[in-house]
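Written out below as structure tokens is the structure these notes cover.
Where a number appears in this text, it was derived from the coordinates with a stated rule and is not lab data. Quantities reported herein were computed from a predicted structural model and do not represent experimental measurements. Neighbour counts run over all protein chains shown; Cβ positions are idealised from the backbone, glycine included.
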Amino acid sequence: MSVSTEDFIKSIYQLKHDYQQRTNSSNIAERLNISRSAVTDMARKLSTKGLVRYQKYKEVLLTESGNKLALSIIRRHRLWETFLSEVLNLQPNEIHNEAEMLEHQTSDKLASKLEEHLGYPQFDPHGDPIPDPNGNLPDMDFYTLHQAEFNKTYRIARIQNISEELVTFFTNNGIALNNLILVEEYYDTEKLFSVIINDKKLLLDKHIAKFIFIKEIS
């Protein structure tokens, strides 16, 4: 399976900044569903174009140009997700794949028009920050469920879109933007968080909980 330059660059950025993972060949290969040798070949190719820094056995790092490109792609993707959700009323588990296709066909001019039409949103339907035309991100006053105080109610501020299956699970269980969530306790042996959403008690695996971000209720 081949992978585009834009998808490769975006994946490196998201591994580092969204998922706090190392940008080594194994993690990049897993995220893009390609072989490690394909990652190496692409990294070498893009290093000659000044988009990544590649050294054998080390992490693949974005250059300033690569980082700028990644933010531009992410900007287009998140603007389209916002449009598909707010204007076309697509469901949370539908918008990601559609936006994946549209992001590659969108010029900076169209992205700016899209942003203007939407009223200059700062966050997409998942709560992910939308970069401005210069690559700047809005302030993010939220943190992961792991950092919550017990027996305290928060507002859900961001839900990272790690997979369509996980988004469907969140949607079916009321784990949606702006919903209130009470964090009861953490069972260390089972690695589970006990939470209450919409008067419904849920047990969330700690690996799932890291994709849910919360904020203080103002």
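Mind checking the stretch 1-68 for chymotrypsin sites (Phe, Trp or Tyr not before Pro) that DSSP puts in a loop (not H, G, I, E or B) and that have at most 16 other Cβ atoms within 10 Å?
Details: sites: Phe8, Tyr13, Tyr19, Tyr54, Tyr57; in loops: Tyr19, Tyr54, Tyr57.
Counting only loop positions with at most 16 other Cβ atoms within 10 Å, the chymotrypsin sites (Phe, Trp or Tyr not before Pro) in the stretch 1-68 are Tyr19, Tyr57.
Could you work out the local net charge near Tyr13, counting Lys and Arg as +1, Asp and Glu as -1, over the other residues with Cβ closer than 12 Å to its Cβ?
Values: positive: Lys10, Lys16, Arg31, Lys68, Arg75; negative: Glu6, Asp7, Asp18.
Local charge sum for Tyr13: +2.
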Give the Debye-formula value of log10 I(q)/I(0) at each listed q (0.08, 0.10, 0.12 Å⁻¹), with one equal scatterer per alpha carbon of the chain, two decimals each.
-0.32, -0.49, -0.70
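Order of 75-81, 136-142 by packing, highest average Cβ count within 10 Å first?
On the way: 75-81: 25.0, 136-142: 12.0.
Output ranking for 75-81, 136-142: 75-81, 136-142.
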The stretch 114-132 and the stretch 187-213 have their Cα centres apart by a whole-number Å value of 28
Quick one: length gained pulling Leu61 to Thr189 fully straight, 0.36 nm per residue minus the C-alpha distance?
42.4 nm
Residue farthest toward the positive end of the dipole of the chain, with Cβ of Lys/Arg at +1 and Asp/Glu at -1: which of Leu145, Tyr186, Ser26?
Ser26
Using Cα atoms only, what is the angle between the long axis of helix 5-17 and the major principal axis of the chain, expressed in degrees (0 to 90) to the nearest 10?
40
Starting from the amide H of Arg53, placed 1.01 Å from N in the peptide plane, find each other amide H under 5 Å away whose residue is 5 or more places distant or on another chain.
Leu61, Leu62, Thr63
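Could you work out the relative contact order of the chain, using alpha carbon pairs under 8 angstrom and six or more residues apart, expressed as a whole percent?
On the way: 328 pairs, mean separation 32.1, N = 218.
Dividing the mean separation by the residue count of the chain yields 15 percent.
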For the stretch 143-215, shape from the Cα gyration tensor axes a ≥ b ≥ c, cut at a/c of 1.5 then a/b versus b/c, turns out rounded
Length gain on complete extension for the stretch Leu110 to Asn178, per 0.36 nm per residue less the alpha carbon to alpha carbon distance?
21.6 nm
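Over the stretch 1-105, what relative contact order in percent results from Cα pairs under 8 Å that are six or more residues apart? Display every interim value, and only then the final one.
Numbers: 108 pairs, mean separation 24.8, N = 105.
For the stretch 1-105, the relative contact order is 24 percent.
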Tell me which lysines have Cα within less than 24 Å of Lys206's Cα, excluding those fewer than 8 residues away on the same chain?
Lys16, Lys152, Lys191, Lys215
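Counting alpha carbon pairs within less than 8 Å and at least 6 residues apart, what relative contact order, in whole percent, applies to the stretch 71-138?
Working: 72 pairs, mean separation 29.8, N = 68.
Here the relative contact order equals 44 percent.
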If you fit an axis through the alpha-carbon atoms of helix 36-48 and take the longest principal axis of the Cα set of the chain, what angle between them do you get, 0 to 90°, nearest 10?
60
Can you tell me how the stretch 58-115 classifies by the Cα gyration tensor, rounded, prolate or oblate, using a/c under 1.5 as the rounded cut?
oblate
